[in-house]
1. Of His98, His22, how do they rank once you tally other Cβ atoms within 10 Å and put the fewest first?
2. May I ask you to list the GluC sites (Glu not before Pro) in the stretch 26-95 that are in a DSSP loop and have at most 10 other Cβ atoms within 10 Å of their Cβ?
3. Find out how many positive minus negative residues lie around Lys31, taking Lys and Arg as positive, Asp and Glu as negative, among other residues whose Cβ is under 14 Å from that of Lys31.
4. Picking from Val57, Val125, Val48, which is most flexible by a Gaussian network model of the chain using Cα springs under 10 Å?
5. If we count other beta carbons within 10 Å of each Cβ, what is the order of Arg23, Arg55, fewest first?
6. Write out the cysteines belonging to the chain for which the nearest other cysteine Cβ is not under 4.7 Å, or none if no such cysteine exists.
7. Round to a whole angstrom and tell me the spacing of the C-alpha centers of the stretch 83-122 and the stretch 1-77.
8. Take the chain, connect every pair of alpha-carbon atoms lying under 10 Å apart with a spring to form a Gaussian network, then pick out the residue of Ala50, Ala115, Ala34 with the largest mean-square fluctuation.
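What follows is calculated from the coordinates using simple rules that are stated; it is not laboratory data. The structure presented is a predicted model; accordingly, all values stated were derived computationally and were not measured. Positions of Cβ are backbone-derived with ideal geometry, glycine not excepted, and every protein chain shown enters the neighbour counts.
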Amino acid sequence: MIFDLKTTLPAGIPTRFIARQHRFTTDTHWKLGAVLADGAERKHIALVRALPQERQVRLTMRGPNPHNFFTLLRDGVEVTLQRFPGLDVRRWLPCPGHDGNPCDYLFEYDRILRAIEHGTEVTAVQCQETFEDVSVGELLYGLHWITNDRVITRIDELADQIRAEFASAQKP
């Protein structure tokens, strides 16, 4: 996600964010950025960079299921930005690319959310660079629509496991 500011990037943004997210440190950080990871296994890696010349903060995530870690770190960026009243921030999501080829198009995050909240089922949006459809799930959660069945199966498995554990805990 790209956090695009209309004004000069306040000096405290990167350092406050890095300090707030210290529990995820990989001991790789510098004045304008950091590499962060979650848990002991460090399956998910994040790169946060402040780019003062571009008036941006960029949060990039990699891993097998990055959504939860991304949401946690994005919230940290949002809280940090709120400490500076009056900032006009636009949020952008980079296009994930097409057929293995990168794409430079940026989707406006708030527009994607409005499309979803509109009430009709929106599963894809059109990339204005290539005019190909991009999965909304892939943009927002890093999940492509072809993974839906696997995700639902895994959710069902976890729900069954929780029910079984709850039932065994209820037995005298």
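1. Details: His98 16, His22 10.
Listed from fewest to most nearby Cβ atoms, that is His22, His98.
2. Details: sites: Glu41, Glu54, Glu78; in loops: Glu41.
Loop-located and lightly packed - Glu41.
3. On the way: positive: Arg16, Arg49; negative: none.
Around Lys31, the charge tally is +2.
4. Val125
5. Numbers: Arg23 7, Arg55 15.
Fewest-to-most ranking of Arg23, Arg55: Arg23, Arg55.
6. Cys127
7. What the calculation gives is 18 Å, centre to centre.
8. Ala115
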